[in-house]
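Peer 1: I'd like to ask some things about the structure below.
The values are calculated or read from the model by the stated rules, or taken from the named source; none is laboratory data. These figures come from a predicted structure and were not determined experimentally. In this analysis, Cβ positions are derived from the backbone assuming ideal geometry, glycine residues included, and neighbour counts consider all displayed protein chains.
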Amino acid sequence: MFIESPRYTERFGSVRINHLQRVISLDSGLKSTLPDHGAMGVMKVNEDVIKYYEERMAIIISIKDEKLKLFEGVVSGVPHDCLIIVVSNSQREKVDRFRMEKDALEQLCRYTLRQALIVHQKDVVMTEAIVQAGFTDLLDEKGQIHDGKSEGMMLGLLIAKAVGKEYVGFIDADNYFPGAVLEYVRNYAAGFSMARSPYSMVRILWHYKPKISRGLFFQKWGRVSETTNKHMNNLISIKTGFESEIIKTGNAGEHAMSIRLAEILTYASGYAVEPQELVSIFEGFGGILPTTNRKAMEDGIDVFQIETRNPHLHEEKGDEHIKEMLKVGLSTIYYSALCNNEIKQAVIAELIAQGALQEGERLPPLRTIAPFKKANFNKFMSIMEKKLDKYSVLAKTIK
Ligand code: GDP
Ligand code: CO
């Protein structure tokens, strides 16, 4: 593919945040060449480079009661060389939606002989492995794995590490366009190919997010994204003293990380997970607060933000969902140790103005999930190793 070169990078301590890079063209041909790197501000990412990263990448699809057709479309869009890991929190009673997802995945994989894993969020073996590993932040008061997209993502991460993948990419299951899914993964690969550090992250910004209101309107920014980005940028600006607009992907549901980075971050529960990843990076490696990981601090963290060619269309889940997203997203900023009073007040005022918080109401505290490097991964492995085949849709060992 052709993509804008990383032309400008803002530094925040050891964090290198790259400006938004646009995909210029989805395919760059086999033989095409460009003038010397940088001359035109465009670079070519070769197909074999993309495939190199895809082979090392697990794609984690979190799903909860989505339309089966959408899920099938998403699966069909994931490049063949990536390992698909589905973590489902769909209902099992009355209609066993999890069973339906499993059957659909099996069918898609059987014909193409591709490997995939699917696990339910409440799976007893997995829960036992989590308990034994001491990963208690993932558990609810009943001792089961907590509901929530973030918790599903964490299970996916653990499995990806267990099968030896080096990168993980996340894709929502409610995406309408398989072609967009294909592009996201290729963009992840392109991002990783530009990283200098083993600790890297790629976040997707969609070109347009169409809305249906008196015809199809191709909207540039969602309201939640715009608000989150603004306050997230303020969080950096107060520390550097320079106003910044660098963060364009505070809420990016579609994003990817090297496992090396994924295992040292503190996460937030539920829908706060994506903005919290950035906040955790700023806290841990921004040079303001003490770091918990010297090696990563030395190597630096590379963050890439890539704008797709495809528009993004997913299931609209209503106004209440949007307000909830806004509230939990902004609470990652509000509760950050980097946040000052001025930003706190601005966050509260914003939430009240957008009807997501009542006057005088307290912002609910953030539930965080400790980095999984802290859990006993060997314990987790010793329980899961013999069971991984059980989650595999092709009855053979994953490699
Ligand atoms: P949005 O796209 O960010 O507005 O949020 P969605 O509601 O579409 O959620 C993103 C993805 O997470 C979708 O694929 C959901 O099906 C999935 N999801 C939501 N809640 C859960 C959950 O509790 N567990 C799992 N595993 N996935 C979930
Ligand atoms: Co969605």
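Peer 1: Sort out which residues of region 1-53 are of a type in the set (S, T, N, Q) and not in a loop (DSSP other than H, G, I, E, B), and write them in order of number. Show your work before the answer.
Peer 2: Initial filter on region 1-53 (of a type in the set (S, T, N, Q)): 5, 9, 14, 18, 21, 25, 28, 32-33, 46.
Across region 1-53, the qualifying residues are THR9, ASN18, GLN21, SER25.
Peer 1: ASP65 - would you say it is of a type in the set (D, E, K, R), at pLDDT 95 or above and over 23 Å from the mean Cα position of the chain (by Cα)? Step through it out loud before you land on a result.
Peer 2: On the way: of a type in the set (D, E, K, R): yes; at pLDDT 95 or above: yes; over 23 Å from the mean Cα position of the chain (by Cα): no.
Against the criterion (of a type in the set (D, E, K, R), at pLDDT 95 or above and over 23 Å from the mean Cα position of the chain (by Cα)), ASP65 does not qualify.
Yes/no per residue for (1) away from ligand 1 (no atom under 16 Å from the Cβ); (2) crowded, with 17+ Cβ neighbours inside 10 Å; (3) of a type in the set (Asp, Glu):
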{"position": "ARG22", "(1), (2), (3)": "yes, no, no"}
{"position": "ASP27", "(1), (2), (3)": "yes, no, yes"}
{"position": "GLU47", "(1), (2), (3)": "yes, no, yes"}
{"position": "ILE50", "(1), (2), (3)": "yes, yes, no"}
{"position": "ARG56", "(1), (2), (3)": "yes, yes, no"}
{"position": "ILE60", "(1), (2), (3)": "no, yes, no"}
{"position": "LEU68", "(1), (2), (3)": "no, no, no"}
{"position": "GLU72", "(1), (2), (3)": "no, yes, yes"}
{"position": "SER76", "(1), (2), (3)": "no, no, no"}
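Peer 1: In the set ILE301, ILE343, ILE333, which member is surrounded by 17 or more Cβ atoms within 10 Å (Cβ to Cβ) and in contact with a Cys (Cβ under 8 Å, 6 or more places away or on another chain)?
Peer 2: Working: ILE301 fails: in contact with a Cys (Cβ under 8 Å, 6 or more places away or on another chain); ILE343 fails: in contact with a Cys (Cβ under 8 Å, 6 or more places away or on another chain).
So the residue among ILE301, ILE343, ILE333 that is surrounded by 17 or more Cβ atoms within 10 Å (Cβ to Cβ) and in contact with a Cys (Cβ under 8 Å, 6 or more places away or on another chain) is ILE333.
Peer 1: If you take the residues in region 161-173 that are assigned to a loop (DSSP other than H, G, I, E, B) and among the aliphatic types (A, V, I, L, M), which one is modelled with the lowest pLDDT? If you could, list the steps in order and put the result at the bottom.
Peer 2: Quick first cut of region 161-173, residues assigned to a loop (DSSP other than H, G, I, E, B) only: 163-166, 173.
If we keep only those that are among the aliphatic types (A, V, I, L, M) as well, we get 163, 173.
Working: VAL163: 94, ALA173: 97.
Among those residues, the one meeting the criterion is VAL163.
Peer 1: Can I ask one more? Is it true that VAL23 is farther than 23 Å from GLU101 by Cβ, touching a residue at least 60 places away in the same chain (Cβ under 8 Å) and of a type outside the set (Asp, Glu)? Show your work before the answer.
Peer 2: Numbers: farther than 23 Å from GLU101 by Cβ: yes; touching a residue at least 60 places away in the same chain (Cβ under 8 Å): yes; of a type outside the set (Asp, Glu): yes.
So VAL23 passes the test.
Peer 1: Output the residues belonging to region 318-349 that are touching a helix residue (DSSP H, G or I) at 6+ places or on another chain (Cβ under 9 Å) and within 16 Å of ligand 2 (Cβ to nearest atom).
Peer 2: Listed by number, the residues that qualify are HIS321, ILE322, LYS323, GLU324, MET325, LEU326, VAL328, GLY329.
Peer 1: In region 348-373, what count of residues is obtained for those that are free of Cβ contacts under 8 Å to residues at least 24 places away in the same chain and assigned to a helix (DSSP H, G or I)? Working first, answer last.
Peer 2: Keep residues of region 348-373 that are free of Cβ contacts under 8 Å to residues at least 24 places away in the same chain, which gives 348-349, 352-353, 358-362.
Restricting the remaining residues to those that are assigned to a helix (DSSP H, G or I) gives 348-349, 352-353.
Number of matching residues: 4.
Peer 1: When the residues of region 306-317 are filtered to those that are among the acidic types (Asp, Glu) and within 16 Å of ligand 2 (Cβ to nearest atom), which remaining residue is surrounded by the most Cβ atoms within 10 Å (Cβ to Cβ)? It would help to see each step written out before you state the result.
Peer 2: Of region 306-317, the ones among the acidic types (Asp, Glu) are 307, 315-316.
If we keep only those that are within 16 Å of ligand 2 (Cβ to nearest atom) as well, we get 315-316.
On the way: GLU315: 14, GLU316: 11.
Checked region 306-317; the qualifying residue surrounded by the most Cβ atoms within 10 Å (Cβ to Cβ) is GLU315.
Peer 1: Output the number of the condition that LEU158 fails; it satisfies all remaining conditions of (1) on the phi < 0 side of the Ramachandran plot; (2) part of a loop (DSSP other than H, G, I, E, B).
Peer 2: (2)
Peer 1: Which pairs do you get when a residue that is free of Cβ contacts under 8 Å to residues at least 60 places away in the same chain, found in region 301-328, comes within reach of a residue that is part of a helix (DSSP H, G or I) and more than 10 Å from ligand 1 (Cβ to nearest atom), reach meaning Cβ atoms under 7 angstrom, with the pair 6+ apart or on two chains?
Peer 2: Note: pairs meeting the criteria are LYS327/LEU351.
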